[in-house]
Protein chains: 4
Amino acid sequence: MSTAAITGVVPPVCTPLTPELDVDTASLERLLTFLIEAGVDGLFVLGSSGETAYLTDQQRASVIEVATSVAAGQVPVLAGAIDMTAPRVLSHARAAAGAGVDAVVATAPFYTRTHPAEVEHHFRTVAAGVDVPLYAYDLPVSVHTKLSAQLLLRLADDGVITGVKDSSGDDAGLRRLLRMRGVRRPVVLTGSELTVDNALANGADGVVPGLGNVDPHGYLALARHVRDGDLKAAAAEQDRLADLFGMVEAGDPARIGPSSAGLGSFKAALHLRGIIDCPATMPPQLPLTEQEVATIRTLLDRAGLL
Amino acid sequence: MSTAAITGVVPPVCTPLTPELDVDTASLERLLTFLIEAGVDGLFVLGSSGETAYLTDQQRASVIEVATSVAAGQVPVLAGAIDMTAPRVLSHARAAAGAGVDAVVATAPFYTRTHPAEVEHHFRTVAAGVDVPLYAYDLPVSVHTKLSAQLLLRLADDGVITGVKDSSGDDAGLRRLLRMRGVRRPVVLTGSELTVDNALANGADGVVPGLGNVDPHGYLALARHVRDGDLKAAAAEQDRLADLFGMVEAGDPARIGPSSAGLGSFKAALHLRGIIDCPATMPPQLPLTEQEVATIRTLLDRAGLL
Amino acid sequence: MSTAAITGVVPPVCTPLTPELDVDTASLERLLTFLIEAGVDGLFVLGSSGETAYLTDQQRASVIEVATSVAAGQVPVLAGAIDMTAPRVLSHARAAAGAGVDAVVATAPFYTRTHPAEVEHHFRTVAAGVDVPLYAYDLPVSVHTKLSAQLLLRLADDGVITGVKDSSGDDAGLRRLLRMRGVRRPVVLTGSELTVDNALANGADGVVPGLGNVDPHGYLALARHVRDGDLKAAAAEQDRLADLFGMVEAGDPARIGPSSAGLGSFKAALHLRGIIDCPATMPPQLPLTEQEVATIRTLLDRAGLL
Amino acid sequence: MSTAAITGVVPPVCTPLTPELDVDTASLERLLTFLIEAGVDGLFVLGSSGETAYLTDQQRASVIEVATSVAAGQVPVLAGAIDMTAPRVLSHARAAAGAGVDAVVATAPFYTRTHPAEVEHHFRTVAAGVDVPLYAYDLPVSVHTKLSAQLLLRLADDGVITGVKDSSGDDAGLRRLLRMRGVRRPVVLTGSELTVDNALANGADGVVPGLGNVDPHGYLALARHVRDGDLKAAAAEQDRLADLFGMVEAGDPARIGPSSAGLGSFKAALHLRGIIDCPATMPPQLPLTEQEVATIRTLLDRAGLL
């Protein structure tokens, strides 16, 4: 399967858990099947939405095993190889590659303070040590480093990275990257949920929306409208999805953090839609209250998703 | 061995590497023996100075195995269990406990954005899942969360943590913590290299100085002076060590990051002193130049350490 | 003049200086006339692009006097009232209102650490003390506070603010704000240079582009294309302007800061275009080198602006 | 009066206000007299504790007029010249110098993003434009720039600055600065409230403690103990002052910011002690509740200050 194929709508798959906080493989299979049947173009497991920061290595391996098995070549599978520095990233990347994923995704180093030259060395070290394509994950909110367009293009020109997942929220930077790159090099996927119509219209190759777990059909419709040149319909769909995305604000920020609120809302919605058995998230994330879940139910209902 | 024993001078042990970037167990044994014979009161492996962010799980296991074997009950061994969230921290902590360390050390969550209530839940989850004492590692420069004195005292009162390693650089906060705690609860170790005389005179129970790899005798003399009430001699020793600590500025910040410069200088110094065979650091850290190493040699020479 | 009129293309006017670092009123008149004749819809003086952070109160007064005199009711004039807290902001706002500006623009407090409730109190205090419309300036890169959509809409609903200048770079947040507000309330202007076609197509009422000093015709054409529904032409114009915006990267970041590089490039371009007499910026900003100016000349030449 | 005299205990004087939020000159005179009679070595007006960020230029002028008049050469007066960049700082500095202060105090630029070379140029520009001694105010929490020891020593060597007020909270950095400087060059004052005994014992020339408004006798006793070489008595006094400093935590952080809580507590305490007539702070700071003031009263009572 050619790596160029990893474009379009590629949801960052949530990781359903049992009440005992094991990976719920049956629910994960159901979620993956739901997404594939909806028509998604690829699957990104072990990203932020997949709670990768909270999963043990065994749980990560379990997720990859289920995903590659369910995908079975129908759609490509990307896997996050999220860890602090190149040597640890490589451990995850090699395990994922060995388990049959089509590409791996890595961020800049974190926890340790790193010079830009070392960030570049990090990506080169990872790419040299694994034999599947590498995507650079630009996620400054988590790793406190922004990947510059210059760095990304240099890495792409040198064959180090195949693509970029841009979750920086810096849409002006994304636009410049799209303007500066040559044709299709590197593949650029936006991690946005809210400005996807713009990103695709501006030339992005795809989108990795957390909300796409809950409403893949919405993002697929949006992408189709852009492809058809109907930007008005795309904007209307984007607006509908933005309203639905309000679910991430259901959780009270005085009580829980943005991860608990965001991933908790996606899982609550998947549970309410009957796709996964249990909405639990990993500790130390805290659960939503019944009232907060009721808000999410209202949003789903209004969106016709119940 | 009682956990109360983990006080005094407890160097955060560097992890010597072979030129091929494996753990150099022979050099590590030599370094541990050098520190124990110098008279240190404990050993902290897999901290920031131990390049824990760069070591694979196998390498971490190897470090612990060597450390517990060399320490052999002569001095207590603390091990960092450094990872993003409670479930992953627990994997490391259990492995370390199983390998015989006397206590484990964990930071607040990182990579993911976490509410204060979730930070507390994190430490409680870790402590509940491992049966050796837990130290909280306050390291905002890496994890972007400051542990408040209120939180630390609450965790200590509830028996969740046995102690604190304060590497926050916030000496006023350290002072308040020391003032607010009851007698010996929790144990408080400072991670400072430069204000150790003050910290010990103000009531801290010990110090975990990266530079203590290179000059353990200096920190031991400093601690002895404070115990003897000779603050003038302690200050003079602290000043001498501060001059020696200038080695972390040998590396050019226009070229490499603070980790490469700091850990690189400690390893260069250990190599120059003949204690370890190879000064290599893990990628993506970058090596010091010959000229930068020459600066370090001059500092060691001036300090009478060659 | 109705405040609703302050929409469209509203350049944040640069402040030309003499070599002695006085306000060059003749050049300022020429620049204002150039912009008005180009057809801009309003003028924003004493914003970040106007070097307001560097101008004394007398210089600020001089800028306003020239601007209101040249504008003379042809286009509305907004004036920045940029200072640390409400009482100081009010001094500037009252002086500007007294000198005849149509609206004033204020950021959240800075220098002092401020609770969200105090940020709200700040805007309410300013609005209550001045009798021209108030725009909220969302500029987290300078003031280290992000104004939430909820706050902005509450302030607009209560008649505290008439509009928002969004220079946050958070295009997803801008999109949500546009989605959440009612019709035309508040007026929303984007401070972006690079995603203006998207912002206008998504419902923003106008744009305040620093690069609009140099090429107002470009932004006016872009806005016209969006109004005409020709998003393809708008995107092409945006791409052309993005290339021209490359001028802000002419200055070497190893030598000077982003203010020196950005404002320096706009002034160099205005000087090269013959609109202002001298490209000087205020200290402690540092000047561009001849070679850096040559880069800017090339960009202008390529854009057909020489 | 020689600038070398500005050492010792130099409180950053609060600015008492009337209920109408004018400078309460009678209360300010009383406060200044109280401090002078207590024996302070100098007065620092228009610092952060003086609410300088909230005062209009007229109010700033009024504060300086009262301070120089009450001090009348008995003790030196330093005045903050706090603004965004060199040209605006100079306006304040010249006004203060013209009104007879003995030295002015300026931070690094803020609001604008500034290269280290520009920070240096900023201080050189200010010093060249005013004919009283200049102190550099290291206050990263407000200005988001840390002044390096290297920069401060270079500026001192070149006669640009006479001294440093270090409110960075980085006690290790302060220690290095004290170690690196020559004898008495530059003068170094710590802005700490909580580690003053250490700072003075380590060679700092003085202290500028906000809490010194409320309890100048405490800091004077502490400084005397250090001078007498009785570090145990100094530490005990420091501990007593640390407990009293708990007043800054009386305000609920869920409701108000650290400025409202900190400055509000000092003013509440001065009001409870009968030194100023009204505890009001400038907007948008929010007032303490009655219950919060009661907590402060308890602390004062326990300290024997009522």
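The values are calculated or read from the model by the stated rules, or taken from the named source; none is laboratory data. A quick note: this is a predicted structure, and the numbers were derived from the prediction, not measured. Neighbour counts are summed over all protein chains in view; Cβ atoms, including those assigned to glycine, are modelled from backbone coordinates with ideal geometry.
Give the residue, chosen from D:Val207, D:Val248, D:Val214, that is within 13 Å of another protein chain (Cβ to nearest Cβ) and either among the small types (Gly, Ala, Ser) or under 22 Å from D:Leu78 (Cα atoms) (or both). Being within 13 Å of another protein chain (Cβ to nearest Cβ) and either among the small types (Gly, Ala, Ser) or under 22 Å from D:Leu78 (Cα atoms) (or both) holds for just one of D:Val207, D:Val248, D:Val214, which is D:Val207. The set of residues in the range B:128-160 being of a type outside the set (Gly, Ala, Ser), part of a helix (DSSP H, G or I) and more than 20 Å from B:Ala96 (Cβ to Cβ) consists of B:Pro140, B:Val141, B:Gln150, B:Leu151, B:Leu152, B:Leu153, B:Arg154, B:Asp157.
A single entry from B:Ser48, B:Ser27 fulfils the requirement of being among the polar types (S, T, N, Q), crowded, with 18+ Cβ neighbours inside 10 Å, more than 27 Å from A:Thr52 (Cα to Cα) and in contact (Cβ under 8 Å) with a residue 60 or more places away in the chain: B:Ser27. Among residues belonging to the range D:51-73 that are charged (D, E, K, R) and surrounded by fewer than 18 Cβ atoms within 10 Å (Cβ to Cβ), point out the one that is nearest to the other protein chains (Cβ to nearest Cβ). The residue in question is D:Asp57. Entry remark, the range A:253-265: residues being more than 10 Å from every other protein chain (Cβ to nearest Cβ) and surrounded by fewer than 24 Cβ atoms within 10 Å (Cβ to Cβ) number 0 in total. For the range B:164-195, filtered to residues that are within 16 Å of the chain's Cα centre (by Cα) and charged (D, E, K, R), the residue that is farthest from the other protein chains (Cβ to nearest Cβ) is B:Lys165.
When residues in the range D:181-198 are screened for being closer than 21 Å to D:Arg124 by Cα and in a loop (DSSP other than H, G, I, E, B), 3 of them pass. Does C:Gly173 satisfy the condition of being of a type outside the set (Ser, Thr, Tyr) and under 30 Å from C:Thr68 (Cβ atoms)? So C:Gly173 fails the test. I need the full set of residues from the range B:13-48 which are hydroxyl-bearing (Ser, Thr, Tyr) and outside any helix (DSSP H, G or I), in order please. Hits for the range B:13-48 are B:Thr15, B:Thr18.
Picking from residues in the range C:274-293 that are free of Cβ contacts under 8 Å to residues at least 60 places away in the same chain and more than 17 Å from C:Arg255 (Cα to Cα), the one that is farthest from the other protein chains (Cβ to nearest Cβ) is C:Gly274.
A count restricted to the range C:233-252 and to residues that are under 25 Å from D:Pro87 (Cα atoms) and crowded, with 17+ Cβ neighbours inside 10 Å stands at 2. State which residue is surrounded by the fewest Cβ atoms within 10 Å (Cβ to Cβ) when the search covers only the range A:84-117 and only residues that are of a type in the set (D, E, K, R) and without any contact (Cβ under 8 Å) to a residue 12 or more places away in the chain. Looking at the filtered set, the residue picked out is A:Arg113. Residues in the range C:118-154 that are surrounded by 22 or more Cβ atoms within 10 Å (Cβ to Cβ), within 13 Å of chain D (Cβ to nearest Cβ) and over 14 Å from C:Asp83 (Cα atoms): C:Glu118, C:Ala127. crowded, with 20+ Cβ neighbours inside 10 Å, under 25 Å from B:Ala201 (Cα atoms), at pLDDT 95 or above and of a type in the set (Val, Ile, Thr): does that describe D:Val293? No: the conditions fail for D:Val293.
Within the range B:161-180, the presence of a residue that is assigned to a loop (DSSP other than H, G, I, E, B) and either out of contact with any strand residue (DSSP E or B) (no Cβ under 7 Å at 6 or more places or on another chain) or over 24 Å from B:Val40 (Cβ atoms) (or both) is excluded.
The set of residues from the range C:246-278 being of a type in the set (A, V, I, L, M, F, W, C), at pLDDT 95 or above and out of contact with any Ser or Thr (no Cβ under 9 Å at 6 or more places or on another chain) comprises C:Ile256, C:Ala261, C:Ala268, C:Ala269, C:Leu272. Of the residues making up the range A:80-117, those that are outside any loop (DSSP other than H, G, I, E, B) and either at the interface with another protein chain (Cβ under 7 Å from one of its Cβ atoms) or of a type in the set (Ser, Thr, Tyr) (or both) number 6.
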